[in-house]
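See structure below.
The values are calculated or read from the model by the stated rules, or taken from the named source; none is laboratory data. Being a predicted model, the structure only gives us computed values, none of them experimental. Note that we place each Cβ from the backbone using ideal geometry, even for glycine, and neighbour counts take in every protein chain shown.
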Amino acid sequence: MAARRERIVLGALLVVTMLLRLVYVFQYRVDSDEPQHVHVAWGWAHGLLQYRDVFDNHAPLFHMLCAPLVAVIGERPDIVVLMRIAMLPLYAVALWCVYAIGAALYSRRVGWWSVALAADLDRQRRPSAARARREHPARPDRRRRA
């Protein structure tokens, strides 16, 4: 009975995490790195050479792999959201790799719990009160009085 309950909790955690990831694709603000990655992939799609024609401080493999998709999508204002959607399968593959490592080194149970923990580690995507205070100016009526 405990094993079944554990599977239900684990499954629920994974489903909620995946649903949140999908919500973040559409609701989270655009980070400064995302347009930079898309721009470099756009450069590759247009025959420009990274480090010579387009500056970037990242390794080129990711951009080379994204270039065909950027070429197919074309120049459009919502390309960052579309590229985020394209990253979801890579996210799933990364989680599968976490499972495979945990299962190979320890057990299937460890593999699944490792996936649940790894999927939940992306805390910078979560809204937080501290970040909200930093990103939004304080309202005058909430300022501390001396």
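Things to note:
Here is a yes/no grid of residues against (1) without any contact (Cβ under 8 Å) to a residue 12 or more places away in the chain; (2) not aliphatic (A, V, I, L, M):
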{"residue": "Val23", "(1), (2)": "yes, no"}
{"residue": "Ser32", "(1), (2)": "yes, yes"}
{"residue": "Leu48", "(1), (2)": "yes, no"}
{"residue": "Tyr51", "(1), (2)": "yes, yes"}
{"residue": "Phe55", "(1), (2)": "yes, yes"}
{"residue": "Leu65", "(1), (2)": "yes, no"}
{"residue": "Leu82", "(1), (2)": "yes, no"}
{"residue": "Tyr91", "(1), (2)": "no, yes"}
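- Answer from Trp96, Trp112 - the residue that is part of a helix (DSSP H, G or I), surrounded by fewer than 17 Cβ atoms within 10 Å (Cβ to Cβ) and either at pLDDT 90 or above or of a type in the set (Asp, Glu) (or both): Trp96
- Taken as a whole, the stretch 31-46 holds at least one residue that is part of a loop (DSSP other than H, G, I, E, B) and more than 28 Å from Ser114 (Cα to Cα).
- Top-ranked residue of the stretch 34-74 - restricted to ones that are surrounded by 11 or more Cβ atoms within 10 Å (Cβ to Cβ) and of a type in the set (D, E, K, R), ranked as nearest to Leu88 (Cα to Cα): Glu34
- Qualifying positions in the stretch 41-90 - under 23 Å from Val25 (Cβ atoms) and among the small types (Gly, Ala, Ser): Ala41, Ala45, Ala67, Ala71, Gly74, Ala86
- Looking only at the stretch 51-70, residues that are closer than 12 Å to Val38 by Cβ, outside any loop (DSSP other than H, G, I, E, B) and more than 18 Å from the chain's Cα centre (by Cα) come to 2 in all.
- Residues of the stretch 71-96 that turn out to be among the charged types (D, E, K, R) and within 18 Å of the chain's Cα centre (by Cα), as a count: 2
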